[in-house]
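*Asks:* Have a look at this one before I ask anything.
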Amino acid sequence: MAIDADASEQTSARPASRPRPKWARRLALLGPAFVASIAYVDPGNVAANLTAGARYGFLLLWVLVLANASAMLVQYLSSKLGIVTGKSLPELLAERLGRPARLAFWAQAEIVSAATDLAEVLGGAIALNLLFGLPLVAGGVIVGVASIGLLAVQTRSQRRFEFAVMALLAVIAVGFVAGAVVSPVDWSGFAGGLVPRFEGSDTVLLAASMLGATVMPHAVYLHSALSRDRHRTDKSQKHRRALLAANRVDVIAALVIAGVVNIAMLVLAADALRGVPGTDTIPGAHAAIAHALGPVVGVAFAIGLLASGFASSSVGAYAGAVVMGALLKVKVPLLLRRAVTLIPAIVVLAVGVDPTWALVLSQVVLSIGIPFAIIPLIRLTGSRAVMGDAVDAVRTRVLAVIVAAGIVVLNVVLVVLAF
């Protein structure tokens, strides 16, 4: 796996007569959080947010807001861990777990990875069907091939991979925000949706799905590796502080964009799709959006969904390789892993499972996997033995524990309702 040199180290080799401005050096450090943020705007988010908005209006808007705020904290801690220790979260776990525990941890992470792959390939296949009428199986294969192409870029240069993903993120943002901009917003309903509440077990299930689609386990594992790879240098304390400061900007900017996209999807569904038959599926929602807001908005929505499938599929495969390599201590070529893990998603498409419902359920699986990622993360970043002077402040640890406790409680409620 190719690793670019730290951007700030590259600048040090420039002639002293042409130093880069400080803002340019800081800007060059951004990127890892934008790659991780693709996990927060993948097709699973589309299915969960559209379903929530179409069925219950603004009722679950508060879930998105809290989940996105939680994601900012969790992703910052993950990237901070990679910068300070020079190791990824899975690598640190592998050092601390015995072989049986390490294999068990890998097994649950692979289940989460399979659910991630399912959501991403399904979403891209649906988008190709909407745009060109392609059968879902053929669309799934195309999404897989496109993701392999993106991963080939990553194996040559992480920085170029970051730029490619950031370009796709821009397409996703335009595609999904366009409808919310065109459609008038019910601001009183929006304000009411910020009040935490549920209305029956179905809303709890949807909330868990939205949470699983927003705070995603594989993004937590991956972000620490992205930061490790981008900034793998011997860092002075001053340099490390600069990296952490740039990292905060990176995380906030990327997650704000992802949060706006998610909220725009739910707002669009709540305003334009509430009560319209069939809009709790992605194809039905697309048809209703195109009918209500015009074909241009409908096409923009489908293009955003396609970009989401392409980008998130490659990022998900990258995350799976990071976890497998650390916990199994086996290096599987990234492109080979992508080809193999594509098979279950193609099988689901071939047997005719309702794709939108499969997307929603995949996000519930991700929600169950979240505690396995964030609880060890909180313990490691709160350990002075691991982090040294960069150990989390008390207020950060308190906030992180509250986030983890909320997620665990929601998952316990979900299991009780399911059985």
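The values are calculated or read from the model by the stated rules, or taken from the named source; none is laboratory data. Note that the coordinates shown come from a computational prediction; the quantities given were computed from them, not determined experimentally. Note that each Cβ is placed from the backbone with ideal geometry, even for glycine, and that neighbours are counted across all protein chains shown. Areas reflect the complete protein model, heavy atoms only, side chains present, ligands, DNA and RNA absent. Shrake-Rupley method; radii C 1.70, N 1.55, O 1.52, S 1.80 Å.
*Asks:* Ordered by residue, what ³J(HN,Hα) values in Hz, to whole numbers, does segment 376-382 give under the Karplus form 6.51 cos²θ - 1.76 cosθ + 1.60, where θ = phi - 60° and Gly and Pro are x?
*Replies:* So the J values, rounded to whole Hz, are x, 4, 5, 5, 6, 6, x.
*Asks:* Next question. If you look for lysine pairs in the chain that are eight or more places apart or on different chains, how many of them have Cα atoms under 30 Å apart?
*Replies:* So the count of such lysine pairs works out to 14.
*Asks:* Oh, and also: If one puts a single equal scatterer on every Cα of segment 209-332 and applies the Debye formula without solvent, what log₁₀ I(q)/I(0) results at q = 0.15 Å⁻¹?
*Replies:* These q points yield log10 I(q)/I(0) values of -0.88.
*Asks:* Please compute the alpha carbon radius of gyration of segment 178-231, then divide it by the globular-protein estimate 2.2 N^0.38 Å. Two decimals is fine. Mind dumping the intermediate values first?
*Replies:* Values: Rg = 17.2 Å, N = 54, 2.2 N^0.38 = 10.0 Å.
For segment 178-231, the normalised Cα radius of gyration comes out at 1.72.
*Asks:* Could you report segment 179-288's accessible area per residue, 1.4 Å probe, as an integer in Å²? Intermediate results must be reported in sequence, preceding the final value.
*Replies:* Numbers: 4170 Å² over 110 residues.
In whole numbers, segment 179-288 has 38 Å² accessible per residue.
*Asks:* What are the ³J(HN,Hα) couplings of segment 179-191, residue after residue, when phi is run through the Karplus curve with 6.51, -1.76, 1.60 and θ = phi - 60°? Round to Hz, x for glycine and proline.
*Replies:* Taking θ as phi minus 60°, the curve returns x, 5, 5, 6, 7, x, 9, 7, 5, 5, x, 4, 4 Hz for segment 179-191.
*Asks:* Working from the alpha-carbon coordinates of segment 34-164, get Rg over Rh, Rh being the Kirkwood radius.
*Replies:* Numbers: Rg = 17.9 Å, Rh = 17.6 Å.
Checking Rg against Rh, the ratio lands at 1.02.
*Asks:* Another question, if that's okay. What's the Kirkwood radius of the chain in Å, using all Cα pairs? Numbers along the way, then the final one.
*Replies:* Values: mean 1/r = 0.0467 Å⁻¹.
Radius from the Kirkwood sum: 21.4 Å.
*Asks:* What angle, in degrees between 0 and 90 and rounded to the nearest 10, separates the Cα long axis of helix 282-293 from the longest principal axis of the Cα atoms of the chain?
*Replies:* On a 0 to 90 degree scale, this one is about 70.
*Asks:* Just want to confirm a number: the relative contact order over segment 339-417, from Cα pairs under 8 angstrom separated by 6+ residues, in percent. Don't skip to the end; give the middle numbers.
*Replies:* Working: 26 pairs, mean separation 19.8, N = 79.
Reported as a whole number, the value is 25 percent.
*Asks:* Let me ask something else. Modelling each spin label as a point 7 Å along the Cα-to-Cβ direction, I'd like the ARG397/ALA287 distance in nm, to one decimal.
*Replies:* It is 5.6 nm.
*Asks:* Given Cβ point charges of +1 (Lys, Arg) and -1 (Asp, Glu) and nothing else, what value in debye, to the nearest 20, does the dipole of the chain about its Cα centre take?
*Replies:* The dipole magnitude comes to about 1900 debye.
*Asks:* Moving on. Pairing the Cα long axis of helix 43-56 with the longest principal axis of the chain, what angle in degrees results, from 0 to 90 and rounded to the nearest 10?
*Replies:* 40 degrees
*Asks:* Right, another one. I'd like the FRET efficiency for VAL332 and ARG160, computed as 1/(1 + (r/R0)^6) with the beta carbon distance as r and R0 of 22 Å, rounded to 0.05.
*Replies:* Here the calculated transfer efficiency is 0.50.
*Asks:* ILE343 to ASP202: extension gain in nm, 0.36 nm per residue of separation minus the Cα-Cα distance? Walk me through the numbers on the way to the answer.
*Replies:* Details: separation 141, 0.36 × 141 = 50.76 nm, distance 3.07 nm.
So the chain would gain 47.7 nm between ILE343 and ASP202.
*Asks:* Using only the Cα atoms, work out Rg/Rh for segment 317-399, with Rh taken as the Kirkwood radius, to two decimals. Working shown, then result.
*Replies:* Numbers: Rg = 18.0 Å, Rh = 16.0 Å.
The Rg/Rh ratio comes out at 1.13.
*Asks:* If I take R0 = 45 Å and measure r between the Cβ atoms of GLU95 and VAL185 in this structure, what FRET efficiency does the formula 1/(1 + (r/R0)^6) give, to the nearest 0.05? Mind showing how you got there, number by number?
*Replies:* Working: r = 49 Å, r/R0 = 1.10.
E(calc), rounded to 0.05, equals 0.35.
*Asks:* With a 1.4 Å probe and every protein chain kept in, tell me what percent of the accessible surface of segment 125-245 is carbon plus sulfur. Kindly include the intermediate steps, with their values, before the conclusion.
*Replies:* Values: 3220 of 4910 Å².
In segment 125-245, the share of accessible area belonging to carbon and sulfur is 66 percent.
*Asks:* When only Cα pairs under 8 Å and 6 or more residues apart are kept, what is the percent relative contact order across the chain? Walk me through the numbers before you get to the answer.
*Replies:* Numbers: 701 pairs, mean separation 152.3, N = 419.
RCO, the chain: 36 percent.
*Asks:* For segment 273-419, calculate the relative contact order in percent as a whole number, restricting contacts to Cα pairs under 8 Å that are 6 or more residues apart.
*Replies:* Working: 63 pairs, mean separation 18.0, N = 147.
Reported as a whole number, the value is 12 percent.
*Asks:* Here's a follow-up. Pulled fully out, how much extra length does the chain show between ALA104 and ALA167, if you take 0.36 nm times their separation in residues and subtract their Cα-Cα distance? All intermediate terms of the calculation are to be shown ahead of the outcome.
*Replies:* Details: separation 63, 0.36 × 63 = 22.68 nm, distance 3.67 nm.
Gain on stretching ALA104 to ALA167: 19.0 nm.
*Asks:* Could I ask something else about it? Give me the angle, in degrees from 0 to 90, between the Cα long axis of helix 394-418 and the longest principal axis of the Cα atoms of the chain, rounded to the nearest 10.
*Replies:* Once rounded, the angle reads 40 degrees.
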